[in-house]
Amino acid sequence: MKTKLIQILYDMRHQPVIAWVTFIATALSIFLIMVVVMMQQVGITPFAPESCRDRLLLGAYLHLTDIGDNQGDSSAGLTFHSARILYSDLEGVERVSYFCIYKDDSDVKGQQSDAFAVQSRKVDAEFFNIFDHPLVAGRYFTPDEANSLLPVAVITESTARRALGDTEWAGAKILIDQKDYTVVGVVNDNSTLATTASGDVFLPIADSDPSVQWDEYLGAISAALLVKEGVDFQSVRDQVKARYATLDTELAPKGQKTVYHEAPFDQETIASGLHGSNTTPDKNSGRNMRLAIYAILLIVPAINLSSMLHSRMHRRISEIGVRRAFGCTRSRIIADIISENFIVTLIGGIVGVTLGVIFASTYSGLYENMDNFGRGDTPAINAIVNWTTILTAIGICFLLNIISASIPAWQASRLNPVNAINSK
């Protein structure tokens with residue numbers, strides 16, 4: 001290892017332009033790849049308030065079509081009635097929450113502020129048993145309060161500070177869209193990148209709320225399913241698919257039937273945006289697109305780095321010839337060149353990953369299209385830096401090294417020792 005480091009330092013002193021261009025190109029390549037990887041990780045890595053992502057399924061939409069010649073289609077979220085037919089009492093599901101599929105833009109006015117804009121979400125009481133919104137003060141609203149649509153609210157800490165100042169938050173009165181509400185609880189602030197569970201204000205929802213139920217079957221309700229540890233998601237989907245047949249029986253007299261789109265959806269599908277009210281997600285298309293991006297970001301810089309390494313090897317032809325003359329094998333030449341290049345690649349990769357983490361954790365514009373409102377937000381550091389990210393970075397460095405160094409190393413090993421020693 002010491003010998004390889006000495007050789008790398010020697011190259012940097014005697015071929016500074018090529019050495020530094022190689023180093024910078026490696027760092028930028030890893031930086032670009034890691035930004036793409038971390039954006040994908042933000043969508044699937046569990047973090048508060050969606051720490052349950054690895055056990056979460058979302059039943060978000062219902063697609064109805066007419067039976068016969070009318071050929072009419074309608075699709076939207078669910079109502080409490082259709083959601084319970086499809087998602088209640090499923091085997092292998094620990095908890096089910098029914099909540100509004102979208103967030104509303106609302107105005108909040110408290111004792112210490114003028115009206116200001118927030119994102120509000122209507123949820124049932126079970127919502128707080130699935131998604132981790134830790135309490136700062138007070139409590140969550142109860143099932144009875146939610147079912148009765150009482151004017152109570154759970155708000156985030158930043159909303160409470162802005163609306164109420166430093167007064168007692170629990171039990172305080174605020175105006176939400178010009179209506180009086182009592183704050184029963186205050187929770188930690190949350191990121192809009194938690195697209196299923198985020199919000200600034202949480203309000204009760206119930207069957208009697210007409211704003212989220214447009215007819216008997218279509219509305220704005222979605223169902224969050226917390227699956228028990230070790231239960232296969234497909235077994236839950238199989239049960240739901242059978243429930244669709246039950247719903248079809250109920251819809252038949254009305255001249256309608258359902259179209260099944262492989263609901264409920266796992267976090268990978270939710271994050272990809274491939275699920276919709278009348279489309280069946282194609283996971284392969286999303287994965288193939290990511291693989292194509294990774295391939296381009298690997299192969300293009302690898303070709304350039306290979307050319308740089310070839311230039312570096314050109315100045316070491318005599319050295320390689322002497323080593324071959326003293327019995328060094330071709331495989332040893334190849335291994336030494338690849339290992340030396342890997343050290344350079346790894347150091348450049350560390351710099352690239354560091355730049356990527358700084359960029360991904362500070363530039364909110366990177367995530368503008370990843371939440372429901374297009375508002376930029378930066379994730380918590382644990383959402384982008386984890387063992388998956390680290391192992392991915394090391395793997396990419398290894399691949400970049402193999403792709404860029406293999407041909408120059410093979411060519412160097414094939415040199416004729418006499419010609420190599422006599423070359424200048």
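Data overview
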quantity	calculated
With eigenvalues of the C-alpha gyration tensor scaled by 5 and rooted, the range 152-192, Å	15, 12, 9
Relative contact order computed over the chain (Cα-Cα under 8 Å; 6+ residues apart), in percent	25
Segment Phe359-Val300, length gained on full extension (0.36 nm per residue, minus Cα span)	19.0 nm
GNM result for the chain, Cα springs below 10 Å: residue of Val322, Val42, Val183 fluctuating most strongly	Val322
Ranked order, Ser148, Ser272 - accessible area, probe 1.4 Å, largest first	Ser148, Ser272
Segment Phe116-Glu262, extension gain: residue separation times 0.36 nm, minus the distance between their alpha carbons	48.6 nm
Over the chain: helical MRE at 222 nm, DSSP H runs n ≥ 4 each giving -39500 (n - 2.57), nearest 500	-15500 deg cm²/dmol
Two-site label geometry, Tyr102 and Ser88: point separation in nm, points 7 Å out along Cα→Cβ	2.7
0 to 90° range, to nearest 10: angle between helix 233-251 axis and the chain longest Cα axis	40
Debye log10 I(q)/I(0) at q = 0.20 Å⁻¹ for the range 44-203, Cα point scatterers	-1.30
Unit charges at the beta carbon, dipole of the chain: most positive-side option, Val183, Ile320, Pro204	Ile320
In range of the label at Val136: residues from the range 163-181 whose backbone nitrogen is under 19 Å from the point 7 Å along Cα→Cβ	163-176, 181
Percentage, to the nearest whole number, of Cα pairs in the range 203-268 over 16 Å apart	61
Cα-derived Rg over Rh, computed across the chain with Rh taken as Kirkwood radius	1.15
Full-extension gain in nm, Glu229 to Ala335, via 0.36 nm per residue minus C-alpha separation	33.6 nm
Using alpha carbons only: equivalent-ellipsoid semi-axes of the range 132-241, gyration tensor based, whole Å	30, 19, 12
If the convex hull is drawn through the Cα atoms of the range 322-369, its volume per residue in Å³	77
Ordering of 340-350, 384-394 by packing [mean C-beta count within 10 Å, highest first]	340-350, 384-394
Cα-based radius of gyration of the range 165-299 once divided by 2.2 N^0.38 Å, which approximates compact folds	1.45
Violating pairs (Cα-Cα greater than 32 angstrom) within the set Lys103/Lys257; Lys173/Lys228; Lys179/Lys241	Lys173/Lys228; Lys179/Lys241
The range 112-185 - Debye-derived log10 I(q)/I(0), Cα point model, q = 0.12, 0.26, 0.28 Å⁻¹	-0.31, -1.44, -1.59
From phi via Karplus (6.51, -1.76, 1.60), per-residue ³J(HN,Hα) for the range 125-142 in Hz, x at Gly/Pro	5, 5, 3, 7, 8, 9, 9, 8, 10, x, 6, 9, 7, x, 8, 7, 6, 8
Gaussian network model of the chain, springs between alpha carbon atoms under 10 Å - residue of Phe116, Phe99, Phe141 with greatest fluctuation	Phe116
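The values are calculated or read from the model by the stated rules, or taken from the named source; none is laboratory data. The structure displayed is predicted, hence computed values, not measured ones. Ideal geometry is used to build each Cβ from the backbone, glycine not excepted, and the neighbour counts take in all protein chains shown. These area figures cover heavy atoms from the full protein model, side chains too; ligands, DNA and RNA do not enter into them. Shrake-Rupley method; radii C 1.70, N 1.55, O 1.52, S 1.80 Å.
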